[in-house]
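Participant: Take a look at the following structure, please.
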Amino acid sequence: MKTIACVVLLAAALTSAGFTQDPAETSPEKAAVIANDRLYEAAYANADVEALVDFFSEDADYTTEDGRTFSGRAEIEGAIRAGLTANRGSKLAINAETVRALGPESVLEKGSTTVTAKDGETSGALYTAIHVQKDGQWKINQLIESSLPQLTPRDRLVEFAWLVGDWEEIDKTDDLSVLSVYSWARGGNFLTRSVTVKRAGDVTLEGWQIIGWDPIEERIRSWTFDSEGGFAEGYFTRQGSRWLLRETGVAPDGSRTSADDTITKMSEDRFTWESNNRTFDGDPQPSIGRIEISRVKKGN
């Protein structure tokens, strides 16, 4: 594998960032592995090769996802040093899925890791690690990595799965309603949305949106069309329970439009929408304040 992944998986053996459990149920063995995680992360941040190598037992084995094996501290040190040299300033993120005691002197750990380089490029893998107690200290004795499963376009869109269903916004003062229906397209690799705007019960506008994964830009994008002839496209950026859609479009008369729309998930049945930085042929337009949208319950 690449040197960056070497460092990722070596670090992973000591993980538990992302592993949580009731302190009262944490065994001494697991607590020791977790403590080592914190120390390893500090050594990684400082690019301290000697400290990193010291986490491994003298007879440790490390197997990469492409089948290469490093046996003993000397070989593992070479892998760590090469990885740190090639990827200065990178950050390590660790996700331990399970940490289980095999016996009084051994612990099995499984999970995944990600290293983010200074330029934003990421690399990661799955890992299985066995920690053993040597002279009163816990050391990594065996580490095996494997490739992350290939994500499908649908996997990339899982963060929007909560939107599937019918949603409605009602403005009683203007006798206006907006119904949005989100559903998976055939094959499950795109999310579609149909929009119907009614005033006093009459349909005044319809729209359609397709949300999908862009493998070239490596981010989620959307395409939107309306019944009057306008269309737009944009990209989503996620921040926790908020999604920002930066969108540019064309009005039916050829005018250029742009806007920054924000969706904020409040619960499984409620979200808010607002639109800022709006322009029309380059001229600033008024923002649209936060609007609350609720899921339409079955039987309503």
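Participant: Does A185 fit the bill of being among the small types (G, A, S), open to solvent by less than 60 Å² (accessible area, probe 1.4 Å) and in contact (Cβ under 8 Å) with a residue 24 or more places away in the chain? If you could, list the steps in order and put the result at the bottom.
Facilitator: Details: among the small types (G, A, S): yes; open to solvent by less than 60 Å² (accessible area, probe 1.4 Å): yes; in contact (Cβ under 8 Å) with a residue 24 or more places away in the chain: yes.
Yes; evaluated as a whole, the condition is true for this residue.
Participant: Looking at (1) open to solvent by 50 Å² or more (accessible area, probe 1.4 Å); (2) of a type in the set (V, I, T); (3) touching a residue at least 24 places away in the same chain (Cβ under 8 Å), which is the one condition that is false for I288?
Facilitator: Of the numbered conditions (1) open to solvent by 50 Å² or more (accessible area, probe 1.4 Å); (2) of a type in the set (V, I, T); (3) touching a residue at least 24 places away in the same chain (Cβ under 8 Å), the odd one out for I288 is (3).
Participant: Being hydroxyl-bearing (S, T, Y), within 23 Å of E168 (Cβ to Cβ) and open to solvent by 70 Å² or more (accessible area, probe 1.4 Å) is the requirement here; does T204 meet it?
Facilitator: On the way: hydroxyl-bearing (S, T, Y): yes; within 23 Å of E168 (Cβ to Cβ): yes; open to solvent by 70 Å² or more (accessible area, probe 1.4 Å): yes.
Yes.
Participant: In region 91-102, how many residues are farther than 18 Å from L126 by Cβ and either touching a helix residue (DSSP H, G or I) at 6+ places or on another chain (Cβ under 7 Å) or at pLDDT 85 or above (or both)?
Facilitator: Step one: list which residues in region 91-102 are farther than 18 Å from L126 by Cβ, which gives 91, 101-102.
Retained after the next criterion (residues that are either touching a helix residue (DSSP H, G or I) at 6+ places or on another chain (Cβ under 7 Å) or at pLDDT 85 or above (or both)): 101-102.
Counting residues in region 91-102 that are farther than 18 Å from L126 by Cβ and either touching a helix residue (DSSP H, G or I) at 6+ places or on another chain (Cβ under 7 Å) or at pLDDT 85 or above (or both) gives 2.
Participant: When the residues of region 168-179 are narrowed to those that are of a type outside the set (V, I, T) and in contact with an Asp or Glu (Cβ under 9 Å, 6 or more places away or on another chain), which ends up farthest from L191 (Cα to Cα)?
Facilitator: Filtering region 168-179 for residues of a type outside the set (V, I, T) gives 168-169, 171-172, 174-177, 179.
Restricting the remaining residues to those that are in contact with an Asp or Glu (Cβ under 9 Å, 6 or more places away or on another chain) gives 169, 176-177, 179.
Values: E169: 20, L176: 26, S177: 22, L179: 16 Å.
The residue in question is L176.
Participant: Among the residues of region 121-137, is there at least one that is among the basic types (K, R), in contact with a strand residue (DSSP E or B) (Cβ under 8 Å, 6 or more places away or on another chain) and open to solvent by less than 70 Å² (accessible area, probe 1.4 Å)? Walk me through it before giving the result.
Facilitator: We begin by selecting, within region 121-137, every residue among the basic types (K, R); these are 134.
Filter again for in contact with a strand residue (DSSP E or B) (Cβ under 8 Å, 6 or more places away or on another chain), leaving 134.
Cutting the leftovers down to open to solvent by less than 70 Å² (accessible area, probe 1.4 Å) gives us none.
Among the residues of region 121-137, not one is among the basic types (K, R), in contact with a strand residue (DSSP E or B) (Cβ under 8 Å, 6 or more places away or on another chain) and open to solvent by less than 70 Å² (accessible area, probe 1.4 Å), which makes the answer no.
Participant: Looking only at region 65-83, which residues are modelled with pLDDT of 90 or more, open to solvent by 30 Å² or more (accessible area, probe 1.4 Å) and of a type in the set (A, V, I, L, M)?
Facilitator: A74
The values are calculated or read from the model by the stated rules, or taken from the named source; none is laboratory data. Computed from a predicted model, the values in this text were never measured in an experiment. FYI the Cβ positions are ideal-geometry reconstructions off the backbone, even for glycines, and counts take in every protein chain you see. Ligands, DNA and RNA are stripped out before the accessible areas are found, and what is left, the full protein with its side chains, is counted by its heavy atoms. Shrake-Rupley method; radii C 1.70, N 1.55, O 1.52, S 1.80 Å.
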